[in-house]
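Notes follow once the structure below has been shown.
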There are 2 protein chains.
Amino acid sequence: MSVTIEYIARMANVSKATVSRVINNKAQGVGKETRARVQRLIDEYGYKPNLLARGVATSRTKTIGLVIPDITNPFFPALIKAIEHCASEREYTVVLCNTDSSPEKEKQSISTLIANRVDGIILATVLEEQRCIPYDFAKYNIPCVLIDRRTKGFDYSAGVFVDNEYAFYIAAELLIKHGNRRIAFIAGPSNLSTTQERLAGYCSALKQYALHYDPALVVQGNFQYESGYAAVMRLHGHGIPFTAVLASNDVMAIGALKALRDIGRAVPGEVEVVGFDNIQFSEMVDPPLTTLDQPLYELGSKAAEAMLALIEGRRLDDTNIRMEAKLVVRASTRP
Amino acid sequence: MSVTIEYIARMANVSKATVSRVINNKAQGVGKETRARVQRLIDEYGYKPNLLARGVATSRTKTIGLVIPDITNPFFPALIKAIEHCASEREYTVVLCNTDSSPEKEKQSISTLIANRVDGIILATVLEEQRCIPYDFAKYNIPCVLIDRRTKGFDYSAGVFVDNEYAFYIAAELLIKHGNRRIAFIAGPSNLSTTQERLAGYCSALKQYALHYDPALVVQGNFQYESGYAAVMRLHGHGIPFTAVLASNDVMAIGALKALRDIGRAVPGEVEVVGFDNIQFSEMVDPPLTTLDQPLYELGSKAAEAMLALIEGRRLDDTNIRMEAKLVVRASTRP
DNA sequence: TTGAAAGCGATACCAA
DNA sequence: TTGGTATCGCTTTCAA
């Protein structure tokens, strides 16, 4: 067995209570000398408190759960990093769960996080609606901060989102101003709130500039490279004309780029392409991708801050934080 | 407070012991009827055992720690996914820690994982030597499986590695056979075992084909895009001639690609480029990157398997698993 | 088949 | 400033 608080107490000829006070740096309640002696023993034996035991005693774990749909999508690692930074600064550990964009796994992850008594959960959900899956946040009194995506009918504690509608309005507007009248739109999975918001932005720009909305130009993707490639191929195969592509994320935009090259349409000469996210790779492809920069670090840090505030029982002045993406113009669009 | 085993016991008019037997699916020791009644209550109240409490009682957590240097490097998310798959199949939870390639953070992560009594740790270390940082694996009897990188003088329980030397021999050989006599080598951080092995492979190919080894052609990078870019720029700036670039990972190779374009040298016409990892993006760049495919899924699953075996006290027939990368030829090299 | 009680490793309250 | 002890929620052994 490993060394316990009891062992240290015995070695130091004090009670467990005293050792506990030393571990937890209680200012009062232990004499200077005793403290030094105990501390020496702790160091000597390399004693580390068993956090499980502490957890059951205090019912707090200094741990926050982070549930992410796809760690393979470069958008998320950046987000995760931001959240981890903030959390570890305040001495919280983050436990990361990857759901592979599967509702079942999402449910499973949340369930085990709760069973492990995390102090709170930050969630990028894949669920459109919170009807079928009643999470136990309320029952266990665990705060839940939504990030990036929202779920209808779910009483989350706080949320941090990007204004997707506005962002896609801006992007579509750029393309329209460049003279494009038929802009293909590669949407995300239909169950995501972000997908609908982005489509709404696209539509409202069309409307603003009195352009016809053609449903044939909207193709659904799944945020993966292949689906961006397939989307363009599909339009091409069906002989549907377009002079620009607006994709719901950079990865699909890059897939589109590849497809356009394969079918011999020059970018940006014949077709302009705009992505979304501003992932690191977006500037490495050829041509470098015009895209919308999501304030990843801010998204993450705001979410973490909100989470910590909730855990520590502070009130939030704003429980729905909204941020703006901004246009990054590169060479996949014309000057 | 949330519902506990005691509560369920009371509602069912049985003892905690009985409920415990039901939760843990003990075949014997509880009558059919009682079992049904208890189970009904459990479902009704949505009772979930407190895993912290279970952990302190059993000193096992069904949890394995995963320590990774940089979640932002696409190589790792793929690895993580593989490990998670295997672990969750066996009902283990994986706790992921990102160290930002910092030894301090690595130490910190391992320390908190141990304090949380994970059953084992899978580690992609950033440490060259295990002199200064005595981890407590032995003290807490926690198995440690190294993955991808090894650490000198560290008594790990098992390790899963790619044969880097062989891989880079193959890659260098390809370039040599294409007639290149001055091959730039973009190395990784000098403290990594993989860096030395890769360099060794490069050197031994040169030797095999009686080529001169010129240290000026070896530039150190840090696995990031910018460092690959900088490496080529540096060679160019110093007027050091080269007709091929062999990079220690794809991300740096892509940086090199970009630099070559910026200085107006055609790939693969004037300069050939080879990367390492075969990350998803390597086929998306222009030109698609010739690279070495690391068997990511196998790496991860072998590591997970080894870990589970160790946790469950099974003996490993092979405690040093070695795998092979294989060449993927694309358009950044000539046919 | 069932239950009582000890034990896991910590915290925290109340006395001394 | 200290210590004794109850407590947290679970498992497990031993008896009934």
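Please state which one of A:Ile147, A:Ile186, A:Ile142 is within 14 Å of chain B (Cβ to nearest Cβ) and crowded, with 23+ Cβ neighbours inside 10 Å. Give the derivation first.
Numbers: A:Ile147 fails: within 14 Å of chain B (Cβ to nearest Cβ); A:Ile186 fails: within 14 Å of chain B (Cβ to nearest Cβ).
None of the other options fit; the residue is A:Ile142.
Tally time: how many residues in the stretch B:300-335 are under 21 Å from B:Gly65 (Cβ atoms), modelled with pLDDT of 95 or more and basic (Lys, Arg)?
1
With respect to A:Thr99, is the statement that it is in contact with a Pro (Cβ under 7 Å, 6 or more places away or on another chain) and either more than 16 Å from DNA strand D (Cβ to nearest atom) or touching a residue at least 40 places away in the same chain (Cβ under 8 Å) (or both) true?
yes
Could you pull out every one of the strands (runs of 3 or more DSSP E) wholly within the stretch B:140-241 that has 1 or more residues that are in contact (Cβ under 8 Å) with a residue 40 or more places away in the chain, among the aliphatic types (A, V, I, L, M) and in contact with a Pro (Cβ under 8 Å, 6 or more places away or on another chain)?
Qualifying strands (runs of 3 or more DSSP E): B:158-162.
Answer yes or no as to whether B:Ile8 is more than 37 Å from the chain's Cα centre (by Cα), modelled with pLDDT of 95 or more and within 8 Å of DNA strand D (Cβ to nearest atom).
yes
I'm trying to understand the selection: among the residues of the stretch A:218-249, which are of a type in the set (A, V, I, L, M) and farther than 18 Å from A:Lys177 by Cβ? Give the derivation first.
Residues of the stretch A:218-249 of a type in the set (A, V, I, L, M): A:218-219, A:230-233, A:235, A:240, A:244-247.
Scanning the stretch A:218-249 gives A:Val218, A:Val219, A:Ala230, A:Ala231, A:Val232, A:Met233, A:Leu235, A:Ile240, A:Ala247.
Among the residues of the stretch B:45-83, write down those that are among the small types (Gly, Ala, Ser) and touching a residue at least 24 places away in the same chain (Cβ under 8 Å).
Answer for the stretch B:45-83, where residues must be among the small types (Gly, Ala, Ser) and touching a residue at least 24 places away in the same chain (Cβ under 8 Å): B:Gly46, B:Gly55, B:Ser59, B:Gly65, B:Ala78, B:Ala82.
Look at A:Val19 and say whether it is surrounded by 13 or more Cβ atoms within 10 Å (Cβ to Cβ), farther than 24 Å from B:Arg54 by Cβ and either of a type in the set (D, E, K, R) or within 11 Å of DNA strand D (Cβ to nearest atom) (or both).
Working: surrounded by 13 or more Cβ atoms within 10 Å (Cβ to Cβ): yes; farther than 24 Å from B:Arg54 by Cβ: yes; either of a type in the set (D, E, K, R) or within 11 Å of DNA strand D (Cβ to nearest atom) (or both): yes.
So A:Val19 passes the test.
Would you be able to tell me the number of residues in the stretch A:240-285 that are away from chain B (no Cβ under 11 Å), farther than 19 Å from A:Ala216 by Cβ and among the small types (Gly, Ala, Ser)?
Looking only at that region, the number is 4.
Residues to consider are B:Ala256, B:Ala266, B:Ala230; find the one that is over 30 Å from B:Gly159 (Cα atoms), modelled with pLDDT of 95 or more and surrounded by fewer than 15 Cβ atoms within 10 Å (Cβ to Cβ). Step through it out loud before you land on a result.
Details: B:Ala256 fails: surrounded by fewer than 15 Cβ atoms within 10 Å (Cβ to Cβ); B:Ala230 fails: surrounded by fewer than 15 Cβ atoms within 10 Å (Cβ to Cβ).
Selected residue: B:Ala266, the only one of B:Ala256, B:Ala266, B:Ala230 that is over 30 Å from B:Gly159 (Cα atoms), modelled with pLDDT of 95 or more and surrounded by fewer than 15 Cβ atoms within 10 Å (Cβ to Cβ).
The values are calculated or read from the model by the stated rules, or taken from the named source; none is laboratory data. On a predicted model such as this, the values are computed, not experimentally measured, just so you know. Every residue, glycine among them, receives a Cβ derived from its backbone with ideal geometry; neighbour counts consider all protein chains shown.
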